[in-house]
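The values are calculated or read from the model by the stated rules, or taken from the named source; none is laboratory data. All figures in this text were calculated on a predicted structure; none of them were measured in a lab. Every residue, glycine among them, receives a Cβ derived from its backbone with ideal geometry; neighbour counts consider all protein chains shown.
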Amino acid sequence: MLRLPGLIDLHVHMREPGAIHKEDWQSGTSAALAGGVTLVLAMPNTQPPVTDAQSLRLALDAARQKALCDYAQYLGATPDNADVVAELAPRAAGLKMYLDHTYGPLRLANMTDWMVHLARWPREIPLAVHAEGRTLAAVILLASFYDHPVHLCHVSRREEILIIRAAKERGLKVTCEVTPHHLFLSEEDIPALGQGRAEVRPALASPADRQALWDNLEVIDCFATDHAPHTLAEKNGPTPPPGFPGLETALPLFLTAVSEERLTLDDVVQRYHVNPQRIFRLPSQPETWVEVDTEATWEIQATTLLTRAAWTPFEGWRVRGRVVRVVVRGTEAFRDGKVLVPPGFGRNVREVSG
Ligand code: NCD
Ligand code: ZN
Ligand code: ZN
Ligand code: ZN
């Protein structure tokens, strides 16, 4: 039995408020615990999106009532909310700027709007961006004008990881995350997955792009799932939304890579606990750990998952390593496939007292 620190997932979509048929704070944090994740940062592209005090309260009310693991909630940038979100910053996981088209209504089309947020948002509170290809180069440049740290979400392509390497070599304050699906899948998997199911942003890339991520592992600060549940009916329908569930499959995939000597255990702990905590200035969770049976070999099957999405792009994959027990703040929260804490057990790690 292996003991790991509670994993920290910087990038999950809980879908509440607004789309609880896909996921809610209870089902999403159940999936987190099943994956050994004890702290999740929730993205703001909900309905309504989390862009002001009222919508933040709506999301945090749901989380307070339902969450089973600890959490914080991102704010989303719009063309006219820079002052409003800067005011709320200490209560948020961070600010998310969507700079390319993806799922949901949040998108900052104009670079002048990026600049307004870069000027206003506090430097010591995380700023995360969805920026692909040339957009990624553009936001690194503009962030450098303001000497503002920027965290690049779900990096997926060779040119992106090489730009990030070059930016780091020049001392720019950039950090990045990579998802399991961009490390373990490529566009060659699209026919087997089916076009609709394979929809995800950033899109699955070429095998050469995937290999570039592995070749530049030292540039990758964090692993994050971008757990983005949509139902199978939606994925198989006429306008399939982009996104994969990932919370329950990430650690087994990483541990399988460890057993194959493609990663070390320390690579995983650094990127799925240590660096997320440091970069996002998250408090440590006392008496919190995950017990893993590293010898257990099993087959990923959607029917056993706790996410409401009820499907996985890794269906049928044989993996090695199973989460047996999760202890959060001294309480046994998960054991042998079952959640043992009540809804509302999770705490907001950005809660301001008083
Ligand atoms: C995400 C979603 O469904 O909310 N989809 C995705 O394909 N990754 C949005 C996002 O993270 O870009
Ligand atoms: Zn995104
Ligand atoms: Zn996302
Ligand atoms: Zn630690």
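Go through (1) in contact with a Gly (Cβ under 6 Å, 6 or more places away or on another chain); (2) of a type outside the set (A, V, I, L, M, F, W, C); (3) within 16 Å of ligand 4 (Cβ to nearest atom) and name the single condition Glu291 misses.
(1)
I'd like to know if segment 217-227 contains one or more residues that are away from ligand 1 (no atom under 15 Å from the Cβ), within 18 Å of Ile190 (Cα to Cα) and either over 15 Å from the mean Cα position of the chain (by Cα) or surrounded by 24 or more Cβ atoms within 10 Å (Cβ to Cβ) (or both).
So far as segment 217-227 goes, no, none of its residues is away from ligand 1 (no atom under 15 Å from the Cβ), within 18 Å of Ile190 (Cα to Cα) and either over 15 Å from the mean Cα position of the chain (by Cα) or surrounded by 24 or more Cβ atoms within 10 Å (Cβ to Cβ) (or both).
So which residues in segment 1-17 are within 10 Å of the chain's Cα centre (by Cα) and either among the aliphatic types (A, V, I, L, M) or away from ligand 4 (no atom under 15 Å from the Cβ) (or both), if there are any at all? I'd like the intermediate steps shown before the answer.
The initial filter retains those residues of segment 1-17 that are within 10 Å of the chain's Cα centre (by Cα), namely 8-13.
Ile8, Leu10, His11, Val12, His13, listed by residue number.
Would you check if there is a residue in segment 170-185 being away from ligand 1 (no atom under 16 Å from the Cβ), among the aromatic types (Phe, Trp, Tyr) and surrounded by fewer than 23 Cβ atoms within 10 Å (Cβ to Cβ)?
In the first step, residues of segment 170-185 are kept if they are away from ligand 1 (no atom under 16 Å from the Cβ); the result is 170-175.
Add one more test, that the residue is among the aromatic types (Phe, Trp, Tyr), and what stays is none.
No - not one qualifying residue is present in segment 170-185.
The conditions are (1) buried (at least 24 other Cβ atoms within 10 Å of the Cβ); (2) under 19 Å from Phe244 (Cβ atoms); (3) away from ligand 3 (no atom under 14 Å from the Cβ), and Tyr71 fails exactly one of them. Which is it?
Failed condition: (2).
Can you name every residue in segment 85-144 that is assigned to a loop (DSSP other than H, G, I, E, B), without any contact (Cβ under 8 Å) to a residue 40 or more places away in the chain, within 16 Å of ligand 3 (Cβ to nearest atom) and within 14 Å of Phe280 (Cα to Cα)?
Matches in segment 85-144: none.
Does Leu282 count as away from ligand 4 (no atom under 16 Å from the Cβ) and within 26 Å of Ala42 (Cβ to Cβ)? Can you show your working first?
Working: away from ligand 4 (no atom under 16 Å from the Cβ): no; within 26 Å of Ala42 (Cβ to Cβ): yes.
Criteria not met by Leu282.
Take the conditions basic (Lys, Arg) and more than 16 Å from ligand 1 (Cβ to nearest atom) and apply them to Arg197. Does it pass?
Working: basic (Lys, Arg): yes; more than 16 Å from ligand 1 (Cβ to nearest atom): no.
Answer is no for this residue.
Taking the conditions exactly as written (surrounded by fewer than 17 Cβ atoms within 10 Å (Cβ to Cβ), at pLDDT 95 or above and under 26 Å from Val349 (Cβ atoms)), does Arg123 satisfy them or not?
On the way: surrounded by fewer than 17 Cβ atoms within 10 Å (Cβ to Cβ): yes; at pLDDT 95 or above: yes; under 26 Å from Val349 (Cβ atoms): yes.
Yes; evaluated as a whole, the condition is true for this residue.
Can you tell me how many residues within segment 16-52 are within 16 Å of ligand 2 (Cβ to nearest atom) and assigned to a strand (DSSP E or B)?
3
Okay, residues lined up against (1) under 22 Å from Pro283 (Cα atoms); (2) surrounded by fewer than 20 Cβ atoms within 10 Å (Cβ to Cβ); (3) within 16 Å of ligand 1 (Cβ to nearest atom):
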site: Gly18; (1), (2), (3): no, yes, yes
site: Gly28; (1), (2), (3): yes, no, yes
site: Leu39; (1), (2), (3): yes, no, no
site: Thr46; (1), (2), (3): no, no, yes
site: Gln65; (1), (2), (3): yes, yes, no
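Only one of Arg325, Arg271 is in contact with a Lys or Arg (Cβ under 9 Å, 6 or more places away or on another chain), at pLDDT 95 or above, crowded, with 18+ Cβ neighbours inside 10 Å and of a type in the set (D, E, K, R). Can you tell me which? Steps first, please.
Details: Arg271 fails: in contact with a Lys or Arg (Cβ under 9 Å, 6 or more places away or on another chain).
After ruling out the rest, the residue left standing is Arg325.
Pick out the one residue from Asp189, Asp215, Asp209 that is touching a helix residue (DSSP H, G or I) at 6+ places or on another chain (Cβ under 6 Å) and farther than 22 Å from Glu23 by Cβ. Quick ask: steps written out before the conclusion?
On the way: Asp189 fails: touching a helix residue (DSSP H, G or I) at 6+ places or on another chain (Cβ under 6 Å); Asp215 fails: touching a helix residue (DSSP H, G or I) at 6+ places or on another chain (Cβ under 6 Å).
One residue alone meets the criteria, Asp209.
Suppose we filter segment 201-243 for residues that are under 14 Å from Gly28 (Cβ atoms) and not in a loop (DSSP other than H, G, I, E, B); how many remain?
The total comes to 1.
I'm told Thr112 meets every condition in (1) β-branched (Val, Ile, Thr); (2) in contact with a helix residue (DSSP H, G or I) (Cβ under 7 Å, 6 or more places away or on another chain); (3) loosely packed, with under 15 Cβ neighbours inside 10 Å except one. Can you identify the failing condition by its number?
It is condition (2) that Thr112 fails.
Do any residues in segment 241-268 that are charged (D, E, K, R) have Cβ atoms under 6 Å from those of residues that are assigned to a helix (DSSP H, G or I), where the two are at least six apart or on different chains, and which pairs are they?
Pairs that qualify, where the first residue is charged (D, E, K, R) and the partner is assigned to a helix (DSSP H, G or I), are Glu248/Ala31; Glu248/Ala34.
Do we have any residue at all in segment 179-200 that's over 20 Å from Tyr272 (Cα atoms), assigned to a loop (DSSP other than H, G, I, E, B), in contact (Cβ under 8 Å) with a residue 24 or more places away in the chain and touching a Gly at 6+ places or on another chain (Cβ under 7 Å)? It would help to see each step written out before you state the result.
Going residue by residue through segment 179-200, those that are over 20 Å from Tyr272 (Cα atoms) are 186-200.
Still in the running and assigned to a loop (DSSP other than H, G, I, E, B): 186, 194, 199-200.
Now restrict to residues that are in contact (Cβ under 8 Å) with a residue 24 or more places away in the chain: 186, 194, 199-200.
Narrowing the set further to residues that are touching a Gly at 6+ places or on another chain (Cβ under 7 Å) leaves 200.
Among the residues of segment 179-200, at least one is over 20 Å from Tyr272 (Cα atoms), assigned to a loop (DSSP other than H, G, I, E, B), in contact (Cβ under 8 Å) with a residue 24 or more places away in the chain and touching a Gly at 6+ places or on another chain (Cβ under 7 Å), which makes the answer yes.
Step by step: first the residues of segment 150-169, then only those that are without any contact (Cβ under 8 Å) to a residue 40 or more places away in the chain and surrounded by fewer than 18 Cβ atoms within 10 Å (Cβ to Cβ), then the one that is nearest to Arg107 (Cα to Cα). Which residue is that? Steps first, please.
In the first step, residues of segment 150-169 are kept if they are without any contact (Cβ under 8 Å) to a residue 40 or more places away in the chain; the result is 150, 152, 159-160, 163, 166-167, 169.
Right, trim to surrounded by fewer than 18 Cβ atoms within 10 Å (Cβ to Cβ) and you get 159, 166, 169.
Numbers: Glu159: 23, Ala166: 27, Glu169: 30 Å.
In this case the residue turns out to be Glu159.
Quick test of your reading of the structure: Thr256 fulfils all but one of (1) among the hydroxyl-bearing types (Ser, Thr, Tyr); (2) crowded, with 17+ Cβ neighbours inside 10 Å; (3) out of contact with any strand residue (DSSP E or B) (no Cβ under 7 Å at 6 or more places or on another chain). Name the failing condition by number.
Looking at each condition in turn, Thr256 falls short on (3).
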